[in-house]
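Q: After the structure tokens below, expect a handful of questions from me.
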Amino acid sequence: MRFTILLAASLVGCTVFAQVNYPVTKKVTISDNYFGNTIADPYRWLEDDNSEETKSWVQQQNTVTSAYFTSIPFHDKVKARLAVLWNYPKYGSPRKEGGYYYFSKNDGLQNQSILYRQTGLNAAPEVFLDPNQFSTDGTVALSGTTFSKNAKYLAYQIARSGSDWQEAVIMDLSTKRLIDDTIRWIKFSGITWKGDEGFYYSRYPMPDATTKLSKQNQFHKVYYHRIGTLQAQDVLVYEDNEHPLRNVGADLTDNGRFLIISTTEGTSGNELWVKDLTKDQEGYTHLVNGFKTDPDVVDSYGNYLLLKTNQDAPNFKVVLVDPTQPMSGNWKTIIAEQPEVLQSVGTGGGYLFCSYLKNASTRVLQYTLEGKLVREIQLPGIGTASGFGGKPTEKSFFYTFTSYTYPPTIFNYDVETGVSTLFRKTETAFNSDNYETKQVFFTSKDGTRVPMFITGKKGFKLNGTNPVLVYGYGGFNIPQTPGFSISNAFWLEQGGLYVVVNLRGGSEYGESWHKAGMLNNKQNVFDDFIGAAEFLIQNKYTQKGLIAIRGGSNGGLLVGACMTQRPDLFKVALPAVGVMDMLRYHLFTIGWAWAVEYGRSDKADQYPFLVKYSPLHNLIDGINYPATLITTADHDDRVVPAHSFKFAARLQEAHRGVNPVLIRIETKAGHGAGKPTSKQIEEAADIWSFTMHNLGLSFK
């Protein structure tokens, strides 16, 4: 038995109906009791990613989905155009380490970017590290590089098939030979060097090979690795066995004096501990207590620490803290809270660089270490700038600026004169001069004023006929700021409007904006997204039959919730690697850390609002849902693919109508990081073909 629907496809003026047969997904009798409420979970068997039954289900679903893509008459043309657009040099900002400048570059269609080095900015570059040599298919990626204090060694991290699990390899830069043991089982951790002697890193205990992609992550610990030793000899620096569901990280101030330990119980809120390594100190001093604020040590300043904090300052401020007397009553304000939210603080050339958000666009102010304003850095326009920081002795550094129609461009900044000089401009086959971005504001359901960016061809008309893709995230204090995407450039070329909504739950307007979209306020995020679509219709940007919605991870949850709440409003839904089962998400890998954002179903006061919007639990039999393409990957150990598997199975069971509801399951890929170029192009071709086909568009 198979569920069957009829699909309408427009071909040269006529309408042809093609039949799609969904594989029937087995249902089992299993349920949970939540405070007197019985919730069935008939597709729980799909949570076992190792079972042969699940693997067979994945293969059947991919076969159906692949056949559907093949039936789209312009699919190959879409892929060909994407390959042309993608084929341009992509550079990273140079960084000086020792006697070399290092930078990343991708010639265009290389699966992974290559790390180059050169003796001067005008010297000929040489290939230093080529991740394309790590694997034959490009699925092993370089996920981080950290140089020792005097650039004697390099520790570089690699990730396989997109998994969050990483390994670190150490290279002697004078010989380019690999030394020491490979450092394994690193997760959610950078590397912090102590001089040239060794480094700090965080890891979990060695996982079971069969469950490492799904089992709950517990007992994160900090270790110190000394060069010339094996990992088995690494020194345990910090652990907290009484709280297995905490993450912990280590960092050193630039002068190597203060070791900072940061512990978290979730994705927001952390506490800080400090140890002065110049003293014979046992244990750590509590620098900031509890998990109610988000403190971050910027650097040391003499015997003091510069601290970015939102304690009594929702938009953040910078204070000076004496680590021997760390009580907040002793803090001295260096840079006061501003009307705009402070996103980050960098150091370089003896100055502080504060990046603020003004209506979701970057604004950078330069200060002295004592907190005196030097200048506002003049940026090319409304967009996103990053990379403000360098070594204390350097008088210039590089930063990158980008926007929706402005490919990433690298500038060299002189810290004394404040002059930005164009260093490297990105050239693509996309003619960005023909496009424009507008920022508009609309009123959400509860009266809140919400911004969004609308990008399209210059002079696009408000006649209700524009196809629109609406993108959002709305969570975890993460802002959505303007940035260039070559994949989205294809959509713009096809005459589409690309809309990004700055939903509550992000950090666009500080912690109050974040809190307005978390826990029992999460429905505000969905109301904002729905309100954005309604605004676009009311103001003649588009109409219901021309709206596609897209989001990934927490944004996948957003799309899942909105398509179940308002299936009538959207024509196409594209939930990617989404959190779809809000009752069980905390049981897998790092899901427990999201409870501060979402709440947990095992808490009586939080279960009611979770079950009310959980996408999996709000699909209703007999509803005509939007044309839906769910995307996930077999090595996603951030949001395990079981979320998407169960949602797809239930959606195919409940859905009635002509719209296709499919799932695309990538192999040897994860949550998104490190995905090779070839897989990115294939995925983009499938997504845009599906979107255009179901909006009734043809390839231009």
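The values are calculated or read from the model by the stated rules, or taken from the named source; none is laboratory data. Model, not experiment: these values are computed from the prediction. Here Cβ is always computed from backbone atoms with ideal geometry, including for glycine, and neighbour counts include all displayed protein chains.
Q: Taking the condition of being over 27 Å from the mean Cα position of the chain (by Cα) and crowded, with 16+ Cβ neighbours inside 10 Å, how many residues in region 182-211 meet it?
A: 3
Q: Restricting to region 469-480, count the residues that are over 25 Å from Lys571 (Cα atoms) and in contact with a Leu (Cβ under 7 Å, 6 or more places away or on another chain).
A: First, the residues of region 469-480 that are over 25 Å from Lys571 (Cα atoms): 476-479.
If we keep only those that are in contact with a Leu (Cβ under 7 Å, 6 or more places away or on another chain) as well, we get 479.
Residues meeting the conditions: 1.
Q: Taking Tyr223 as meeting all but one of (1) farther than 23 Å from Gln166 by Cα; (2) surrounded by 17 or more Cβ atoms within 10 Å (Cβ to Cβ), write down the number of the exception.
A: Failed condition: (1).
Q: Sticking with this one: Can you name every residue in region 490-512 that is among the hydrophobic types (A, V, I, L, M, F, W, C) and either modelled with pLDDT under 95 or out of contact with any Pro (no Cβ under 9 Å at 6 or more places or on another chain) (or both)?
A: Hits for region 490-512 are Phe490, Leu492, Val499, Leu503.
Q: Pull up region 685-700, narrow it to residues that are touching a Gly at 6+ places or on another chain (Cβ under 9 Å) and outside any helix (DSSP H, G or I), then point me to the one that is nearest to Ile486 (Cα to Cα).
A: That would be Lys700.
Q: Filter region 437-448 down to the residues that are more than 25 Å from the chain's Cα centre (by Cα) and either over 18 Å from Gly531 (Cα atoms) or in a strand (DSSP E or B) (or both) and list them by number.
A: Within region 437-448, Phe442, Thr443 meet the criteria.
Q: Quick one: count up the residues across region 367-389 that are surrounded by 15 or more Cβ atoms within 10 Å (Cβ to Cβ) and without any contact (Cβ under 8 Å) to a residue 60 or more places away in the chain.
A: 9
Q: For region 272-279, indicate whether the set of residues that are touching a Lys or Arg at 6+ places or on another chain (Cβ under 8 Å), in a strand (DSSP E or B) and within 22 Å of Ile183 (Cβ to Cβ) is non-empty.
A: No - not one qualifying residue is present in region 272-279.
Q: Select from region 243-273 the residues that are farther than 19 Å from Lys149 by Cβ and either basic (Lys, Arg) or over 30 Å from the mean Cα position of the chain (by Cα) (or both) and list them in ascending order.
A: Answer for region 243-273, where residues must be farther than 19 Å from Lys149 by Cβ and either basic (Lys, Arg) or over 30 Å from the mean Cα position of the chain (by Cα) (or both): just Arg246.
Q: When region 242-263 is examined, which residues are found to be in contact with a strand residue (DSSP E or B) (Cβ under 9 Å, 6 or more places away or on another chain), free of Cβ contacts under 8 Å to residues at least 40 places away in the same chain and not in a strand (DSSP E or B)?
A: Passing the criteria: His243, Arg246.
Q: Go through region 127-155 and give me each residue that's in contact with a helix residue (DSSP H, G or I) (Cβ under 9 Å, 6 or more places away or on another chain) and either of a type in the set (A, V, I, L, M, F, W, C) or closer than 17 Å to Gly190 by Cα (or both).
A: Looking only at region 127-155, we keep the residues that are in contact with a helix residue (DSSP H, G or I) (Cβ under 9 Å, 6 or more places away or on another chain), and these are 137-142.
Once the filter is applied, which keeps residues that are in contact with a helix residue (DSSP H, G or I) (Cβ under 9 Å, 6 or more places away or on another chain) and either of a type in the set (A, V, I, L, M, F, W, C) or closer than 17 Å to Gly190 by Cα (or both), region 127-155 yields Val140, Ala141, Leu142.
Q: Tell me whether region 158-171 contains one or more residues that are out of contact with any Lys or Arg (no Cβ under 9 Å at 6 or more places or on another chain), buried (at least 21 other Cβ atoms within 10 Å of the Cβ) and under 29 Å from Ser214 (Cα atoms). Reasoning before the result, please.
A: Of the residues in region 158-171, the ones out of contact with any Lys or Arg (no Cβ under 9 Å at 6 or more places or on another chain) are 158-159, 169-170.
With buried (at least 21 other Cβ atoms within 10 Å of the Cβ) added as a condition, the list becomes 159, 170.
In the following step, the residues that additionally are under 29 Å from Ser214 (Cα atoms) were identified as 159, 170.
Within region 158-171, one or more residues are out of contact with any Lys or Arg (no Cβ under 9 Å at 6 or more places or on another chain), buried (at least 21 other Cβ atoms within 10 Å of the Cβ) and under 29 Å from Ser214 (Cα atoms).
Q: Being buried (at least 24 other Cβ atoms within 10 Å of the Cβ) and in contact with a Phe, Trp or Tyr (Cβ under 6 Å, 6 or more places away or on another chain) is the filter here; which residues of region 533-549 pass it?
A: The answer is Ile547, Ile549.
Q: Right, something else. Would you mind telling me which numbered condition in (1) crowded, with 20+ Cβ neighbours inside 10 Å; (2) in a loop (DSSP other than H, G, I, E, B) Asp621 fails?
A: (1)
Q: What tally of residues in region 280-296 results from selecting those that are touching a residue at least 12 places away in the same chain (Cβ under 8 Å) and not in a strand (DSSP E or B)?
A: Within region 280-296, residues that are touching a residue at least 12 places away in the same chain (Cβ under 8 Å) and not in a strand (DSSP E or B) number 8.
Q: Name the pairs whose Cβ atoms lie under 8 Å apart, with the first residue in region 677-695 and farther than 20 Å from Pro626 by Cα, the second assigned to a helix (DSSP H, G or I) and at pLDDT 95 or above, and 6 or more positions between them or separate chains?
A: Cβ pairs passing all conditions: Thr677/Trp86; Gln680/Trp86; Gln680/Ser487; Ile681/Lys79; Ile681/Leu82; Ile681/Ala83; Ile681/Trp86; Glu682/Lys79.
Q: Among the residues of region 449-480 satisfying the criterion of being aliphatic (A, V, I, L, M) and within 26 Å of the chain's Cα centre (by Cα), which is surrounded by the fewest Cβ atoms within 10 Å (Cβ to Cβ)?
A: The first filter runs over region 449-480 and keeps only residues aliphatic (A, V, I, L, M), leaving 450, 452, 454, 462, 468-470, 478.
From the residues that got through so far, the ones that are within 26 Å of the chain's Cα centre (by Cα) too are 450, 452, 454, 468-470, 478.
Numbers: Val450: 23, Met452: 25, Ile454: 22, Val468: 24, Leu469: 23, Val470: 25, Ile478: 17.
Looking at residues that are aliphatic (A, V, I, L, M) and within 26 Å of the chain's Cα centre (by Cα), I get Ile478.
Q: So, Phe397, is that one of a type outside the set (Gly, Ala, Ser) and under 23 Å from Tyr301 (Cβ atoms) or not?
A: The answer is yes for Phe397.
Q: Specify the residue that is farthest from Thr384 (Cα to Cα); the eligible residues are those in region 489-508 that are buried (at least 22 other Cβ atoms within 10 Å of the Cβ) and not hydrophobic (A, V, I, L, M, F, W, C).
A: Gly496
Q: Report yes if some residue within region 396-410 is in contact with a strand residue (DSSP E or B) (Cβ under 6 Å, 6 or more places away or on another chain), farther than 21 Å from Asn502 by Cβ, surrounded by fewer than 21 Cβ atoms within 10 Å (Cβ to Cβ) and without any contact (Cβ under 8 Å) to a residue 40 or more places away in the chain; otherwise report no.
A: Scanning region 396-410 turns up at least one residue that is in contact with a strand residue (DSSP E or B) (Cβ under 6 Å, 6 or more places away or on another chain), farther than 21 Å from Asn502 by Cβ, surrounded by fewer than 21 Cβ atoms within 10 Å (Cβ to Cβ) and without any contact (Cβ under 8 Å) to a residue 40 or more places away in the chain.
Q: Tell me, which residue of region 40-61 that is surrounded by fewer than 18 Cβ atoms within 10 Å (Cβ to Cβ) and in a loop (DSSP other than H, G, I, E, B) is modelled with the lowest pLDDT?
A: By that ranking, first place goes to Asn50.
Q: Here is a further query. What is the residue count in region 213-233 for residues that are within 30 Å of Arg177 (Cβ to Cβ) and in contact (Cβ under 8 Å) with a residue 24 or more places away in the chain?
A: 11
Q: While we're here: Can you name the residue in region 602-616 that is in contact with a helix residue (DSSP H, G or I) (Cβ under 6 Å, 6 or more places away or on another chain) and among the hydrophobic types (A, V, I, L, M, F, W, C) and is also farthest from Asp41 (Cα to Cα) among such residues?
A: Per the stated criteria, the residue is Phe609.
Q: Pairs please, first residue from region 596-609 and under 19 Å from Gly517 (Cβ atoms) and free of Cβ contacts under 8 Å to residues at least 60 places away in the same chain, second anywhere and assigned to a loop (DSSP other than H, G, I, E, B) and not basic (Lys, Arg), Cβ atoms under 6 Å, 6+ apart in sequence or on different chains.
A: Close Cβ pairs (under 6 Å, with a partner that is assigned to a loop (DSSP other than H, G, I, E, B) and not basic (Lys, Arg)) amount to Arg600/Gln606.
Q: Got a sec? Which of Gly556, Gly578 is in contact with a strand residue (DSSP E or B) (Cβ under 9 Å, 6 or more places away or on another chain) and part of a helix (DSSP H, G or I)?
A: None of the other options fit; the residue is Gly556.
Q: Filter region 489-530 down to the residues that are farther than 21 Å from Leu357 by Cβ and assigned to a helix (DSSP H, G or I) and list them by number.
A: If the condition is that a residue be farther than 21 Å from Leu357 by Cβ and assigned to a helix (DSSP H, G or I), then Ala489, Phe490, Trp491, Leu492, Glu493, Leu519, Asn520, Gln523, Phe526, Asp527, Ile530 are the ones that fit.
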